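**Student:** This structure is in structure tokens; I'll ask about it shortly.
The values are calculated or read from the model by the stated rules, or taken from the named source; none is laboratory data. Just so we're clear, the structure is a prediction, and the values are computed from it rather than from any experiment. Please note: Cβ atoms are built from the backbone with ideal geometry, for glycine as well, and neighbour counts cover all protein chains shown.
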Amino acid sequence: MRSRPGCPRRPSTTWRTGTGRAAGTFSRPAAAAKRTASARPSPPARSSPASRTGWTEIKGVFRLKASPASGAAVHVQGAPAGVDVKVMDLQVFATDRKARFKKLRKKTDKVRKRDVVLKFAGAGASSAVSGASIRVMQMDTSFAFGACINPAVIQEPAFVDYFTKHFDWAVFENELKWYHTEAVQGQLNYADPDALLDFCDRHGKPVRGHCIFWAVDRMVQKWVKDLPNDQLAAAVQGRLTSLLTRYAGRFPHYDVNNEMLHGTFFQDRLGDDVNAFMFKETARLDPGAALFVNDYNVEGGGDPNATPEKYIAQVNALMEKGAPVGGIGLQGHVTNPAGEIICDDACLVNSDGTINDAGQRFINLRQEWTSHARGKIDSDGNFKFRGYHGSYVVQLATATGKMHRAFSVDKGDTPLVLDMDV
């Protein structure tokens, strides 16, 4: 197999299981991988649940760092013991990045934009505004961008200026987590989240509540781990009551028990029902908040603990127990062929207030995903455009002056027709 270094490749194979064991008992049964000295390890491939008699297609992706001297081997692995895997065919093909991005842009246009018809009504409106100049400006998008904040950065004028101009939401770095608000048992400290929340309120930025609990063992403070089970249950209730009565109505979202695919501390200690209890009790104490599960590596395909199938099963299990799951969080970090790149001090704006290249890239992206339109009103008194969901202002210039109107574009499959009084 010849391959250009750095070019993503997608292996696809069709397989089925033998009759030694019932098929369909595993929904992610195999991995497509290559082994060469110059190749990065492949993530597990994805497949549909295997059927007893049918064929199932497995797809994966890998990237070569350098051309292999003697070719590359692709093999299937991961089926449970006792299951025979028969491979019918195998294809390896290059990922066409241009075609991929073209497809993504087309899908974005379908999912996040809508046709809009502005109809200018009123006595003689059609003749009065026909041919008039019109300008449509999007003020906010429904697809929000947020930033992580902490007590230090909100003291920096350059950060505050950039954050308030270019971000819609905020999330606190660590200040709402249990190990921060109650590092020592019984000594509650809400000074930092109070200050951060007041800052966001002043600037009109909603905040995600991250997080009430953290399921990963190493993220649980020692005094909590040392509690006997009955006292741990009481501490969980105390955490819920203290946090949610203090901030009821102020956090539109909560990550209830963070990273449950990667940790089971509370479940191991308090039983299988504790996660659903956390959701139900949060909803009782703060009924207006949307409650989220949140985890990482779900969409990347390289973490066997965090497959999409396991995440779906987790959400379904919670809901079957009455947990009001209102959203799903997919957390991730930037990677590239050279390896993972997680820079704790990556900045979009310099300390002197100047916007750096990364910050300008982000601004450009926001502009790309914002809709504006200019033109003339037609003879029927209408103006048509296609725009991203969100809030808009329209400016109409006529012989008698300028007119401004505000409107919103919500998600919908049919054109949005809005009457604009003149």
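**Student:** Which of the residues that make up region 357-374 are loosely packed, with under 13 Cβ neighbours inside 10 Å and over 25 Å from the mean Cα position of the chain (by Cα)?
**Tutor:** H372, R374
**Student:** In addition: Can you find a residue in region 111-125 that is at pLDDT 95 or above, under 29 Å from G359 (Cβ atoms) and in a strand (DSSP E or B)?
**Tutor:** Looking through region 111-125, at least one residue is at pLDDT 95 or above, under 29 Å from G359 (Cβ atoms) and in a strand (DSSP E or B).
**Student:** Contact list please: Cβ distance under 7 Å, first residue in region 403-421 and over 13 Å from K384 (Cβ atoms), second residue part of a loop (DSSP other than H, G, I, E, B) and of a type in the set (G, A, S), pairs at least six apart or on different chains.
**Tutor:** Between residues of region 403-421 that are over 13 Å from K384 (Cβ atoms) and residues that are part of a loop (DSSP other than H, G, I, E, B) and of a type in the set (G, A, S), the close pairs are D421/G122.
**Student:** Oh, and also: Report those helices (runs of 4 or more DSSP H) wholly inside region 163-229 carrying at least 3 residues which are closer than 15 Å to A147 by Cβ.
**Tutor:** Once the helices (runs of 4 or more DSSP H) in region 163-229 are filtered for at least 3 residues that are closer than 15 Å to A147 by Cβ, what remains is 191-202.
**Student:** From the list D109, D198, D161, exactly one residue is farther than 30 Å from L240 by Cβ and outside the structural domain of F383 (by TED's automatic domain parsing). Which is it? Outline the logic, then answer.
**Tutor:** Details: D109 fails: outside the structural domain of F383 (by TED's automatic domain parsing); D198 fails: farther than 30 Å from L240 by Cβ.
On inspection, the qualifying residue turns out to be D161.
**Student:** Taking the criterion of being polar (S, T, N, Q) and modelled with pLDDT under 95, would at least one residue in region 402-418 satisfy it? Quick ask: steps written out before the conclusion?
**Tutor:** Step one: of region 402-418, the residues polar (S, T, N, Q) are 408, 414.
Restricting the remaining residues to those that are modelled with pLDDT under 95 gives none.
Checked region 402-418: no residue is polar (S, T, N, Q) and modelled with pLDDT under 95.
**Student:** Also, I was wondering about something else. Looking at region 270-286, I want the residues that are closer than 18 Å to Q314 by Cβ and have a partner that is at pLDDT 95 or above and among the hydroxyl-bearing types (S, T, Y) with Cβ atoms under 8 Å, at least 6 apart or on another chain. Which pairs are those?
**Tutor:** These pairs meet every condition: T282/Y254.
**Student:** May I ask you to verify whether N350 is at pLDDT below 90 and among the polar types (S, T, N, Q)?
**Tutor:** Numbers: at pLDDT below 90: yes; among the polar types (S, T, N, Q): yes.
Criteria met by N350.
**Student:** Working only within region 164-176, note down all residues that are crowded, with 20+ Cβ neighbours inside 10 Å and either free of Cβ contacts under 8 Å to residues at least 24 places away in the same chain or of a type outside the set (A, V, I, L, M, F, W, C) (or both).
**Tutor:** E175
**Student:** What number of residues within region 133-154 are under 27 Å from K376 (Cα atoms) and surrounded by fewer than 18 Cβ atoms within 10 Å (Cβ to Cβ)?
**Tutor:** If we filter region 133-154 for residues that are under 27 Å from K376 (Cα atoms), which is where we start, we get 133-142.
Narrowing the set further to residues that are surrounded by fewer than 18 Cβ atoms within 10 Å (Cβ to Cβ) leaves 133, 135, 137, 139-140, 142.
Selection size over region 133-154: 6.
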